[in-house]
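One structure below.
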Amino acid sequence: MNRILSWMTIVALGLAIAGCGGGGTTGTNEPDPAVRFINGSCDTTLLEFFEFVDGNESIMETGLAYLGTSAGFEDVEPELHDIDVREVGNTESIWTETFDMVRDKDYLLVTLGLKTFGIETEKRLRIQQFEINRTAPNANKSRIYVIHGLNRSTGNQTTGIDFQNPGNNPQYKLTNVGYLTEQDIEIDSTTHTFQARRFGTESIYVSRTFAFESGKIYAVLLTGVEDGVGANAAAMEIIELQPE
């Protein structure tokens, strides 16, 4: 009798251990979502991002200048987040939107468009969410996320962008990257020159040469205005993102 009881105790203990996560990862064991902020709106001053929780607001990030980014990825709760962006010192919201943050996902929240958009509402400043893969690429490769927030001049509708090496037979080319969207690609880790061209034409908005390092991930932010000057000039900002 004692032997039977001992055997039943061992079996029960084994089942209990298996039920405590020994059989694999469940949704509750996955890491929290993580987010990083980027200010890609050329006619803004310092921006701050607020979150509304239970009727109260808390600062998620503050003091981001144009082309500025938060220091790194920060964990957030896996839920819907009501996020509001303002200029520092101003209580008036520029844009508010709800984003769903899912466990084991990484996101960029990027302001794109213009604060002073006139009557061209499609160019209005807003927050865009982009999910990215932070798993490091293989050796001698780099992963780039090309984000299109580069505005046409006043009165011209913003079109897609062809992102490519120079010439008509480029080694790498992303075709018709839509406004306020992204496309990504893995490239050889070396020095590349990339151009942002108006879709389907040879009209070059901006060009940049950059040394991409092995196993690293980058956001390539296209922003500004095609005929802008100073801070509003067309720009290609390259931001290194931390692999996991």
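The values are calculated or read from the model by the stated rules, or taken from the named source; none is laboratory data. Everything quoted here is computed from the prediction, not taken from an experiment. Counting neighbours? That spans all protein chains shown, and the Cβs are built from the backbone with ideal geometry, glycine included. Just so you know, the surface numbers come from the protein's heavy atoms only, side chains and all, with ligands and any DNA or RNA stripped out. Shrake-Rupley method; radii C 1.70, N 1.55, O 1.52, S 1.80 Å.
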(request) Filter region 216-234 down to the residues that are small (Gly, Ala, Ser) and open to solvent by 20 Å² or more (accessible area, probe 1.4 Å), then identify the one that is nearest to Asn176 (Cα to Cα). (result) Ala234
(message) On the basis of being at pLDDT 95 or above and open to solvent by less than 10 Å² (accessible area, probe 1.4 Å), does Val110 make the cut?
(response) yes
(request) Scan (1) hydroxyl-bearing (Ser, Thr, Tyr); (2) touching a residue at least 40 places away in the same chain (Cβ under 8 Å); (3) crowded, with 18+ Cβ neighbours inside 10 Å for the single condition Ser70 breaks and write down its number. (result) (2)
(request) Give the residues of region 155-178 that are in contact (Cβ under 8 Å) with a residue 40 or more places away in the chain, under 20 Å from Phe130 (Cα atoms) and open to solvent by 40 Å² or more (accessible area, probe 1.4 Å), sorted by residue number. (result) Thr159
(message) Looking at Thr98, Thr111, Thr116, can you tell me which residue is more than 21 Å from Gly68 (Cβ to Cβ) and among the β-branched types (Val, Ile, Thr)?
(response) Thr98
(message) Given the options Thr209, Thr201, name the one that is open to solvent by 60 Å² or more (accessible area, probe 1.4 Å) and either polar (S, T, N, Q) or outside any loop (DSSP other than H, G, I, E, B) (or both).
(response) Thr209
(message) If I filter region 168-191 for residues that are assigned to a strand (DSSP E or B), at pLDDT 95 or above and over 22 Å from the mean Cα position of the chain (by Cα), do I get at least one hit?
(response) yes
(message) I'd like to know if region 46-55 contains one or more residues that are open to solvent by 50 Å² or more (accessible area, probe 1.4 Å), aliphatic (A, V, I, L, M) and in a loop (DSSP other than H, G, I, E, B).
(response) yes
(request) Looking only at region 187-198, count how many residues are closer than 23 Å to Asp227 by Cα and surrounded by 14 or more Cβ atoms within 10 Å (Cβ to Cβ). (result) 5
